[in-house]
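These notes are about the structure you will find just below.
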Amino acid sequence: MKKFLDLGMQPLANKYLTKRDLLGKKKEQFYHLEVGFDKKTKLVSILNRVSSKKMFDNNYPYKSSMSKTMNSSFKKLSEKIIKIFKPRLFLEIGSNDGSLLRNFNKKRAIGVEPCKNLAIITSKKGYKTYSEYWDLKLAKKIKSKYKKVDLIYSANTLSHIYNLDKVFRSITHVLSDEGILIIEEPSLLECLKSIAYDQFYNEHIYVFSLLAIKNLIKKYNLKVFNIEQLSTHGGSIRYFIKRISNTKIKINNSVKRQLNKELTFKMDKFNTYINFKKKVELSKKKLVNLFNEIKKNNKKIIGYGSTAKSVTVLNYCKITREIVDFFVDTTPDKTKKYMPGTHIFIDKYNKNLLHKADYVFLGAWNFKEEIFKKEKNFIKKGGRFITHVPVPRII
Ligand code: TYD
């Protein structure tokens with residue numbers, strides 16, 4: 001891995017602090033967030049790892065069912081999977097709170113979710129959920145109980161697992177010969193294009209490209225046969241994967257198209273990442289200037305969506321409580337707590353809170369459309385949003 005980006009010292013994202021934490025003696029943990037590129041495998045990865053046990057514990061706050069956008073994306077996907085692939089057994093790695101699984105028949109769908117608080121929610125919905133890390137031991141356990149799985153799906157999970165060889169070895173262990181693997185992950189191409197450096201934080205060990213995925217799965221005799229572009233998480237790709245030995249499925253043109261796009265963008269060259277780094281540094285300068293200008297005029301700024309992504313932005317750009325008064329968020333496990341590192345307060349979302357502000361920083365910029373629709377009145381009354389992607393500006 002050759003380093004190309006330094007995002008400074010960062011706290012653990014998703015470790016929202018209580019008042020007690022702030023007053024307590026235990027120091028908040030920081031790590032150096034650096035990002036590198038592997039010329040051989042084309043993989044882009046953060047360079048310093050935080051142990052999974054520290055990140056994914058029994059109080060993991062992110063719930064995928066909190067967003068309308070994610071729920072409707074999952075609903076559409078499940079309908080498609082059932083119609084096209086008709087799986088006898090569906091397995092989801094990283095099933096979170098069961099927002100996708102709930103669209104499947106309880107007898108034909110199982111989940112894997114190491115965060116106990118989330119696994120319990122899914123189990124209570126009636127779906128068999130293994131509250132364990134995805135590895136060969138678990139794959140063997142599932143195989144001995146169910147024999148084979150026809151469809152394995154994983155969204156925004158593989159990027160959180162350091163040992164990808166272990167992941168794919170375990171997948172090929174349980175996947176039937178004609179089985180399908182679907183992976184959904186933020187697109188590195190979109191991240192580079194929109195200078196979305198906040199896709200990098202301790203949990204996002206990787207941001208994938210098709211170039212890298214192809215190299216990763218080759219060893220396991222797997223092949224990408226279709227690609228879908230998604231608007232979720234600031235631009236994601238859904239990779240449809242089969243065993244090379246399964247010749248019944250033809251390779252869709254979308255795969256070549258994506259590969260060409262990535263090669264045209266020179267994503268196989270280190271220099272592209274150096275250019276990205278320069279743009280990130282410029283983005284920081286512009287955002288800091290924008291915030292300073294607003295504060296000079298004594299205007300009030302609050303944040304909307306206390307995302308893990310915004311933890312990277314706030315800490316990299318050194319945005320303090322003097323600049324952003326507080327955040328609002330709808331996630332109960334995040335509210336009445338404090339943002340990691342900057343200790344900005346997170347209040348429980350209610351429409352009226354927005355009217356206390358002149359400007360609202362979009363922490364959840366990936367839900368811009370959904371949020372703008374919801375906050376029509378605030379915008380009508382002259383309220384303005386600030387975003388840092390693709391360039392820091394007032395919208
Ligand atoms: P997300 O971008 O999915 O996560 P991350 O960067 O942490 O991976 O998180 C979106 C956050 O925004 C989540 O905490 C919920 C919040 N949110 C609201 O508060 N209101 C909204 O209308 C939406 C769409 C999201």
Identify the single condition in (1) over 16 Å from T387 (Cα atoms); (2) surrounded by 15 or more Cβ atoms within 10 Å (Cβ to Cβ) that N297 does not satisfy, given that it satisfies every other one.
-> (2)
Criterion violated by I142 - all others in (1) within 16 Å of I182 (Cβ to Cβ); (2) part of a helix (DSSP H, G or I) satisfied = (1)
Note down all Cβ pairs under 8 Å where the first residue falls in region 361-388 and is under 18 Å from L230 (Cβ atoms), the second is charged (D, E, K, R) and exposed (fewer than 14 other Cβ atoms within 10 Å of the Cβ), and they're at least six residues apart or on different chains.
-> E370/K68
Just a yes or no: is a residue in region 283-294 of a type in the set (S, T, N, Q), loosely packed, with under 15 Cβ neighbours inside 10 Å, under 24 Å from the mean Cα position of the chain (by Cα) and at pLDDT 95 or above?
-> no
Complete set of residues in region 11-44 that are among the polar types (S, T, N, Q) and modelled with pLDDT of 95 or more | T18, T41
If we keep just the residues of region 173-183 that are surrounded by fewer than 23 Cβ atoms within 10 Å (Cβ to Cβ) and without any contact (Cβ under 8 Å) to a residue 60 or more places away in the chain, which is farthest from the ligand (Cβ to nearest atom)?
-> S176
Some residue of region 104-126 being touching a Lys or Arg at 6+ places or on another chain (Cβ under 6 Å), part of a helix (DSSP H, G or I) and at pLDDT 95 or above | no
Identify all residues within region 317-330 that are touching a strand residue (DSSP E or B) at 6+ places or on another chain (Cβ under 7 Å) and either away from the ligand (no atom under 14 Å from the Cβ) or assigned to a loop (DSSP other than H, G, I, E, B) (or both); write none if there are none.
-> I323, V324, D325
Filter region 351-394 down to the residues that are charged (D, E, K, R) and in a helix (DSSP H, G or I), then identify the one that is farthest from the ligand (Cβ to nearest atom).
-> K380
What are the residues in region 188-203 that are within 19 Å of S310 (Cβ to Cβ) and crowded, with 24+ Cβ neighbours inside 10 Å, if any?
-> C191, A196, Y197, D198, Q199, F200, Y201, N202
Among the candidates K309, K286, K256, single out the residue that is of a type in the set (K, R), assigned to a helix (DSSP H, G or I) and within 16 Å of the ligand (Cβ to nearest atom).
-> K309
Please verify whether region 57-69 includes one or more residues that are in a helix (DSSP H, G or I), in contact with a helix residue (DSSP H, G or I) (Cβ under 6 Å, 6 or more places away or on another chain), more than 16 Å from the ligand (Cβ to nearest atom) and under 23 Å from I120 (Cβ atoms).
-> no
What are the residues in region 331-349 that are more than 22 Å from F30 (Cβ to Cβ), at pLDDT 95 or above and not charged (D, E, K, R), if any?
-> T335, Y349
Pick from S73, S45: which is out of contact with any helix residue (DSSP H, G or I) (no Cβ under 8 Å at 6 or more places or on another chain), among the small types (G, A, S) and buried (at least 20 other Cβ atoms within 10 Å of the Cβ)?
-> S45
Just one of D333, D347 is within 11 Å of the ligand (Cβ to nearest atom) and not in a strand (DSSP E or B); which is it?
-> D333
Among (1) part of a loop (DSSP other than H, G, I, E, B); (2) closer than 24 Å to N14 by Cα; (3) more than 13 Å from the ligand (Cβ to nearest atom), where does N96 come up short?
-> (3)
Would you be able to tell me the number of residues in region 32-42 that are buried (at least 16 other Cβ atoms within 10 Å of the Cβ) and either within 11 Å of I205 (Cα to Cα) or out of contact with any helix residue (DSSP H, G or I) (no Cβ under 9 Å at 6 or more places or on another chain) (or both)?
-> 4
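The values are calculated or read from the model by the stated rules, or taken from the named source; none is laboratory data. Bear in mind that the values here come from a model prediction, so they are computed numbers and not experimental data. Every residue, glycine among them, receives a Cβ derived from its backbone with ideal geometry; neighbour counts consider all protein chains shown.
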